[in-house]
Amino acid sequence: MQTLLANRITNIVELKKSPSKVISSAEYEPVAVLSHNTTKAYILSPKLYEDILEALDDKYLVKLCSERLKRIDSAVEVNLDEL
């Protein structure tokens, strides 16, 4: 059984009939696009998509910082004015 990861749903027919209406209804929640009761796509607002990418980037940076902090003893101190 497939998990539906959205509170709003539409189908391919509705999307073809009125794409701008479906897109504008996305607001800050994903809209699942179904075909034959199977999720084929999710439509996201630009703001939600940007926020997801930002969160993924933050997660990557936290992991990178954590890994580097484990090697802090081997760090070399530098003076920015000397660079």
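We did not get these values from a lab; they are worked out from the coordinates using the rules stated. Note that the coordinates shown come from a computational prediction; the quantities given were computed from them, not determined experimentally. Note that we place each Cβ from the backbone using ideal geometry, even for glycine, and neighbour counts take in every protein chain shown.
Among the GluC sites (Glu not before Pro) within the stretch 16-83, those in coil by DSSP and having at most 16 neighbouring Cβ atoms inside 10 Å are GLU27, GLU77. Each residue of the stretch 75-83 was assigned a 3J(HN,Hα) from its phi angle through the Karplus curve 6.51 cos²θ - 1.76 cosθ + 1.60 (θ = phi - 60°); the sequence is 6, 10, 6, 10, 9, 4, 5, 7, 7 Hz, with glycine and proline shown as x. My understanding is that a pair violates if its Cα-Cα distance is over 23 Å; which of LYS21/LYS59; LYS47/LYS70; LYS21/LYS47 do that in this structure? Over 23 Å Cα-Cα: LYS21/LYS59; LYS47/LYS70. For the chain, chymotrypsin sites (Phe, Trp or Tyr not before Pro) meeting the loop criterion (DSSP other than H, G, I, E, B) and having at most 12 other Cβ atoms within 10 Å: TYR28.
At full extension, GLU67 and SER20 could sit 12.5 nm farther apart than now, given 0.36 nm per residue minus the alpha carbon distance. Within straight-line reach of LYS16, meaning a Cα separation under 19 Å, sit the following lysines at least 8 residues removed in sequence or on another chain: LYS40.
Of the trypsin sites (Lys or Arg not before Pro) in the chain, the ones in a loop by DSSP (not H, G, I, E or B) with at most 13 other beta carbons within 10 Å are LYS70, ARG71.
Taking other residues whose beta carbon is less than 9 angstrom from the beta carbon of TYR28, and scoring Lys, Arg as +1 and Asp, Glu as -1, yields -2. Distance distribution note for the stretch 1-43: the fraction of Cα pairs above 15 angstrom is 32%. Determine the sum of side-chain charges near LEU15: Lys and Arg each +1, Asp and Glu each -1, restricted to other residues whose C-beta is under 14 angstrom from that of LEU15. That sum, taken over residues with Cβ under 14 Å, equals +4. Over the stretch 8-72, the fraction of Cα-Cα pairs per 10 Å bin, rounded to whole percents and listed from the shortest bin up, is 21, 33, 20, 14, 9, 2.
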